[in-house]
Amino acid sequence: MTRLKVRPSTERGGRKDYISIKNFGFWYGSKKALESISLDIPERQVVAFIGPSGCGKSTLLRNLNRMNDLVDNIRHEGDIQIDSRSIYDPGLEVISLRRRVGMVFQKSNPFPKSIFENVVYALRVVGVRDRALLEEVCETSLRKAALWDEVKDRLHDSALGLSGGQMQRLCIARAIANRPEILLMDEPCSALDPIATGKIEELIHELKEQFTIVIVTHSMQQAARVSDRTAFFYLGKQVEYDTTEKIFMNPSQPQTEAYISGRFG
Amino acid sequence: MDSSDKKPLQPLDESRFQVSPWTLRVDTWMGRLISFGGISVVLAVLGMLVFLVWQVVPLFTGAKVTSQPELRLPAAVVAFGEDEYGALPFIGLADGTIKFLQSSDGAVTETWTPELAGRHVSAVRAYSRQGLVLLGLDDGSVQFAKITYRVEFTSQGDRHLSPQVKLEKPLTVGKLTSPVRDAWVAQSANGSLVVLQQELNGHPVLTATRLLERKGLGGRVTVIPGTPSVVAEGVTDIAEVLVPSTADTVLVRRRSHEVLVYNYNENTEAFALTQTFKPFANTAQPEISSAGLIFGNVSAVFANRQGAQEVWSLYPQKQPDGRSLRRWGLIHEGETLPGVPQGIFPAEGNKCYLVVAGDRLQIRNMTTGSLRWEGPAPKGVQQVIFSRNYERFTALTSEGKLVRWKLEDRYPEASWSTFFGKIWYEGATEPAYTWQSSSGSDEFEAKYSLVPLFYGTVKGTFYALIFALPIALLSAIYVSQFLRPEYRNIVKPVMEIMASLPSVVLGFLAGLWLAPLVDTHLISIFCVILILAPLGLLVGAIWAGLPQPWRRQVKPGLEFVWFLPILAIFVTLAWQLGPWVESLLFTVKEGQTGTAIVDFREWWRQVSTLGYDARNCLVVGFAMGFAVIPLIFTIAEDALSNVPQSLVSGSLALGASRWQTVWKVVLPTALSGIISAVMIGFGRAIGETMIVVMATGNTAIMEANPFSGMRTLSANIAVELPEAPAGQTHYRTLFLGACCLFILTFVINTLAEILRQRVRDRYKVI
Ligand SMILES: Nc1ncnc2c1ncn2[C@@H]1O[C@H](COP(=O)(O)OP(=O)(O)O)[C@@H](O)[C@H]1O
Ligand SMILES: [Mg+2]
């Protein structure tokens, strides 16, 4: 078993069950992808989902902002509540949910527009016209995403001219420009080199002062480095959910230990 | 993992790193094959263009003229003519003798002298085309000598012409019995006219007499002169008399440079002055030095001593009293000639004329003003005649010579202004762009303006696209972005089948079913079209306003199932509303009786003063739209579907609605593909032939009126190429039309491609 450096979980204020997943099950057609998941995610903390490929991490993550609605023939049971309100509440607009719950994808997906337009996209969507406001949001978001210094001279160039790491940070900037409360990240560093990965991890650390972050990762080191709490899934089931320290130092389930020590996955 | 089940790697086999020669060979050959294919396509397109240009270029070459041996004439000649092939010219001497000359050496083959019973010939005029020599006699009568040729073939197979001259009975046509100084004859389908110039008290007297033909017993035709009328009575300064072959007009040019027009009046059976005009009235030098009637005899060219030219033509003109009468009017001011004009001689069979100016000869086209040929003039040209087929011309000189030329001018009507310019054709009331390639009459002048065809092409394409683009693009967006995949998988193949529907079938349906339907239910159709967009928006708004739980009932992508019945109801309502709307808005009073009639077509005719055709732009727009929609739809749908899902998810995850995602992300990303789709649809519409041929009246008119037909370049080619004789102006003009179509599509496609590249570079997705 590899020894991992684990950040001590810092206790900050905020609700313990900011996101509350209750007995959540999920089907793609007849295929059950998730089975009775129950976990609470505290406010302004980083929670990592780990587990072998195909265990349902992304599925669960995409359910948090209902991105799975785009898939045909899906079905769920149980409930997910954010700030005590069910995301399946018929009165809740999916669009407003997604404005509160931002998402960064595994493969960076900047729009084929300028860097500036990418960052302010969410504001444009809600009809913000005020140029000064847009510029201000663009700058603060890019600063928060630690990208400002690299791109400030070419804000109006195409975003597609950026490097892979820069694109991913641009996507993060784009997500936080929307001022969400929660940021979902699905393997945000899987396509990046170590230096870019380092920058993004640093970023996550800073962002958790403001956002509740759920990150899916297949890198245990990353989970250990960035998260306060970690959930381990296996074959669509939640095996263990605890503080990162506990999961990596002293897992209570043998499967968790096996996975963490690299014996399968 | 168990490492025991991992077998050690196979020992490295050197040959695995070698590329087999076969692979390499296939690679090179495939590369070559592909290059060959690509180059072939480029060559084929270029070849097409080269072929088109090659067909068109001769149109813009001038006439080619080669001189032929001159014939020295045996005697002083006052008139001359030729047979149709120029093999046996004849000359008329002052005493009425006619001599036939061998065209090769000028040897006299035959001589004919009239038997005049003691009278004497005082005037001779030859009409080569009619094979007629008019003899004016010293007792004031005239006699026709008719020349006919018998063709014989010698034992060697050579053609041999033997002329025969037949002197007809003397006709007393004048009022005087003094010698005839000059005589003219005009023959037309409705009678003949003889004009005589005699002298009384030292002043010229002109008499014009119509000749009436009476069929007697046994089919014999006797010619009976009508009552002679004195023309230009009291006019003592007659410079020239022009007698158009219409046989109802005499033009008298005075030395004061005024032209008097005398017309035959059916009622009084006499000639009366109808018009006086003065060419060059507005110029400093109104001295006419030459004048000539042009083939067709409704136009005359005048030239003044400065070499300025004016063309006057007979066309309907508004008179002060409001009537419209055919009067002579100035229609062209020609280019300045290179010297003092000495004679204007009409060509045969077209609107060209030969003008002798200074020491130059020019062949010019009257209508376009273009110079067909210019060459040196022999000394002392007195008269020039063209052969009937416009392949030769011969000049009689004062030096007693016949100078002969061979002429090769197959496209006398062609010029840039013919095809692209506004031209005032003779007989027309104003300059216009006209396409009219044929008619029953020999004297008809074909009009080859491509502009109305361009106009029709653009108009047809415009109406087709204005109908097709919104439908095709909106449905492509809907199907690719909103419809559930299982329905998309039905819609797409159906559309693809539609795209392969032969356009003949569409044209057939459009002409036989759609056109009458549109004709009778126009307002209903308008109502339906007008209601669609507001209905869609309204239903959308209501839908968006429904509470979430209600909307949840309908699966995303299946909303249309609910919309369809609503649509059906409203479309039916709108259709039924049509007649009511028509009676409300489009009731007109009938012209004479004053009864009110409900008819949009009549209303449109009265309100817009434009026409209404049953086969109009709307029918073409609908029918061509149907041909174009599947094409645009399929390609645009592909382009939209190919926008990476990750971009769509990215946008949705940022809280954009589906429509915002489509508008702000999907459309810009797919824009280059959509432009391609539109271009392909455009290309199809602009080149579409059968539908236009069958669904429009194919009238080459230029008006923006949506309720009139059109003729497109492509339909024009399809309709007229079969009847255009190969290699002639008409035929080559059709190729010019094809060439223009080619260039038009090429230019527009190139522009669109540049735009597309720009867009693609801008919205390129990695
Ligand atoms: N759109 C989908 N349709 C059908 N099955 C899916 C879909 N997405 C994921 N799955 C299935 O659900 C399971 C969980 O997938 P996913 O959540 O992507 O796993 P992970 O992210 O943990 O690798 C897998 O078995 C996968 O095949
Ligand atoms: Mg995943």
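The values are calculated or read from the model by the stated rules, or taken from the named source; none is laboratory data. All of these numbers come straight from a predicted model, not from anything done at the bench. As a convention, Cβ positions derive from the backbone with ideal geometry for all residues, glycine included, and neighbour counts pool all protein chains shown. These accessible areas exclude ligands, DNA and RNA; they are computed on the full protein's heavy atoms, side chains included. Shrake-Rupley method; radii C 1.70, N 1.55, O 1.52, S 1.80 Å.
For segment B:257-359, averaging the sequence separation of C-alpha pairs within contact (under 8 Å, six or more residues apart) and dividing by the residue count gives a relative contact order of 21 percent. Quick check: at a probe of 1.4 Å, how many percent of the accessible area of segment B:474-584 sits on carbon and sulfur atoms? Carbon and sulfur together cover 79 percent of it. Looking at segment A:14-260, the accessible area is 38 square angstrom per residue; that uses a 1.4 Å probe and ignores ligands, DNA and RNA.
Contact order for chain B, expressed relative to its length and based on alpha carbon pairs under 8 Å spaced 6+ residues apart, stands at 9 percent. For the cross-link pairs B:Lys146/B:Lys169; A:Lys22/A:Lys107; A:Lys31/A:Lys107; A:Lys113/B:Lys664; A:Lys31/A:Lys237, the ones whose C-alpha atoms lie over 19 Å apart are A:Lys22/A:Lys107; A:Lys31/A:Lys107. Considering only C-alpha atoms, what is the centroid distance from segment A:69-141 to segment B:15-61, in Å? Cα centres, segment A:69-141 to segment B:15-61: 51 Å.
Note the angle between two axes, namely the Cα long axis of helix B:617-641 and the longest principal axis of the Cα atoms of chain B, as a number of degrees from 0 to 90, rounded to the nearest 10. Taking Cα atoms only, the helix is inclined about 40 degrees.
Rg over Rh for the protein assembly as shown works out to 1.21, both radii taken from alpha-carbon positions and Rh defined as the Kirkwood radius.
Segment B:560-607 and segment B:619-671 have Cα centres lying 35 Å from one another.
Working from label points 7 Å from Cα in the Cα-to-Cβ sense, the B:Ser20 to B:Ser398 distance is 9.7 nm. In this structure, the pairs whose alpha-carbon distance is over 32 Å, taken from B:Lys64/B:Lys318; A:Lys16/A:Lys199; B:Lys64/B:Lys166, are B:Lys64/B:Lys318; B:Lys64/B:Lys166.
If you fit an axis through the alpha-carbon atoms of helix B:729-762 and take the longest principal axis of the Cα set of chain B, what angle between them do you get, 0 to 90°, nearest 10? Helix B:729-762 sits roughly 30 degrees off the main axis of chain B. For segment B:654-766, the share of accessible area belonging to carbon and sulfur comes to 66 percent (1.4 Å probe, ligands and nucleic acids excluded). For chain A, the alpha carbon convex hull comes to 129 Å³ per residue, rounded to a whole number.
Mind telling me which of A:Gln168, A:Gln81, A:Gln253 comes out most flexible in a GNM of chain A, alpha-carbon contacts under 10 Å? Its mean-square fluctuation being the largest, the pick is A:Gln253.
Placing R0 at 30 angstrom, the Cβ-Cβ distance between B:Val494 and B:Leu751 gives a FRET efficiency of 0.35 after rounding to 0.05.
Relative contact order, whole percent, for chain A stands at 30, derived from Cα pairs under 8 Å and 6 or more residues apart. Distance between the 7 Å Cα→Cβ label points at B:Glu84 and B:Gln606: 5.7 nm. Which of rounded, prolate or oblate describes segment B:499-557 when judged by the alpha-carbon gyration tensor and an a/c cut-off of 1.5? Verdict is oblate for segment B:499-557. As an exercise, use a Förster radius of 51 Å and the Cβ-Cβ distance of B:Ala533 and A:Ser261 to find the FRET efficiency, rounded to the nearest 0.05. Efficiency at R0 = 51 Å is approximately 0.20.
Chain A and chain B together bury an accessible surface of about 2500 square angstrom, both sides counted, with a 1.4 Å probe and no ligands or nucleic acids included.
Gain on full extension, evaluated as 0.36 nm per residue between B:Thr61 and B:Val561 minus their Cα-Cα distance, stands at 173.4 nm.
If R0 is taken as 45 Å, the Cβ-Cβ distance between A:Ala132 and B:Phe462 corresponds to a FRET efficiency of 0.55. Our note on the geometry: Cα centres of segment A:144-169 and segment B:267-284, 86 Å apart.
With respect to chain B, whose longest principal axis is taken over its alpha-carbon atoms, helix B:21-56 is tilted by about 30°.
Label-to-label distance, B:Glu199 versus A:Thr140, with points set 7 angstrom from Cα along the beta-carbon direction: 11.5 nm.
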